[in-house]
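Data first, discussion second: the structure below is written as structure tokens.
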Amino acid sequence: MPLQPIANGLWCANSHFRTLLFKGSVRMTVLAGEGGLVLYSPVVLDEALLRELAALGPVAAIMAPNTYHHFFLKAAAEALPAARVFVPEGLEAKIGPVPRAETVTRNCPAVLPGGIDQFTFDRHAVHETMLFHEASRTLVTSDLLYNYQSEHGAGEKAFFRLIGNYGAPKVAFYHRYAVREKAAVHELVAQVRAWAPRRIVMSHGRIVDSPDAAEIFAAAWQRFA
């Protein structure tokens, strides 16, 4: 699970998790800002991966992006004691105390290295925070967009075909029940358009690399608006 370069100052580590139905794919994104790295949706940090990170620079922050991406968070916090740890609202009530946890809300954003912007989708049940890496114009999200394609595992593909979420960048149908106000979807899409990303890196699925990335994101969310 070596780090894979995506763009200048941006890397990912691809890993897996187990469900009752299939082995799922998951991705950690590493963003370099002014003064350090941010680990977004951490995966297992073995010794080799920790050495790779150390060679890139100090880890300033570890972020659990929403209330579902937390399986490897506590171990990452223990492995990197100098890093600040940012968690979504409601996560500690779900899993218990997290070392050094600072709760992220719209009114209390994470303190991140310069060159990394953020938006917290707080009127959504999982309270996801997206990041924008300014230098590479990359939107980093966890579960607000999927893009399952042919390279994914058979069980994973079968499940996401079943729910109509395979073959193109899409938003899973169950987000309809998680959004608390439709106006929040318009705000989410407006923020992505304002950032004007040329790339979207998500925790699940093929990376979207396109000058139309903002409109691809907007089109995927249109039915929820």
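Every helix of 4 or more DSSP H residues in the chain counts as -39500 (n - 2.57), and over all residues that averages to -7000 deg cm²/dmol at 222 nm. For residue 210, nonlocal amide neighbours, meaning residues 5 or more places apart or on other chains whose placed amide H falls under 5 Å from its own, are 199, 200. Using the empirical formula 2.2 N^0.38 Å as the baseline, the Cα radius of gyration of region 169-225 reaches a ratio of 1.11. Taking the DSSP beta bridges with both ends in the chain, the antiparallel portion is around 65 percent. Region 167-193 and region 108-126 have Cα centres spaced 16 Å apart. Only alpha carbons enter this Debye calculation for region 56-167, each as an equal point scatterer, and the log10 of I(q)/I(0) it gives at q = 0.11 Å⁻¹ is -0.43. Size of the chain: Rg and Dmax of its alpha carbons, in Å, are 16.3, 45.
Computed over neighbours whose Cβ is under 12 Å from that of residue 85, the net charge equals 0, Lys and Arg +1, Asp and Glu -1. Couplings for region 156-172, taken from phi via the Karplus curve 6.51 cos²θ - 1.76 cosθ + 1.60 with θ = phi - 60°, read 5, 4, 4, 5, 6, 5, 4, 9, x, 10, 10, x, 6, x, 9, 10, 4 Hz in order; Gly and Pro are left as x. All C-alpha to C-alpha distances of region 1-102, sorted into 5 Å bins beginning at zero, yield P(r) values of 2, 13, 25, 25, 19, 11, 4, 1, 0 percent in whole numbers.
When the scattering of region 55-96 is computed by the Debye formula from its Cα atoms alone, each counted once and equally, what is log10 I(q)/I(0) at q = 0.30 Å⁻¹? Log10 of I(q)/I(0), two decimals: -1.11. Normalised by the number of residues in the chain, the mean separation of alpha-carbon contacts (under 8 Å, six or more apart) gives a relative contact order of 16 percent.
Computed from the alpha carbon atoms alone, the convex hull of region 119-224 holds 90 Å³ per residue. Of all DSSP bridge pairs formed entirely within region 43-130, close to 30 percent run antiparallel. Note on the chain: lysine pairs with Cα distance below 18 Å, sequence gap of 8 or more or different chains, count 4.
None of the figures in this text is laboratory data; all of them are computed from the coordinates on show. No experiment lies behind these values; they were computed from the predicted model shown. Neighbour counts run over all protein chains shown; Cβ positions are idealised from the backbone, glycine included.
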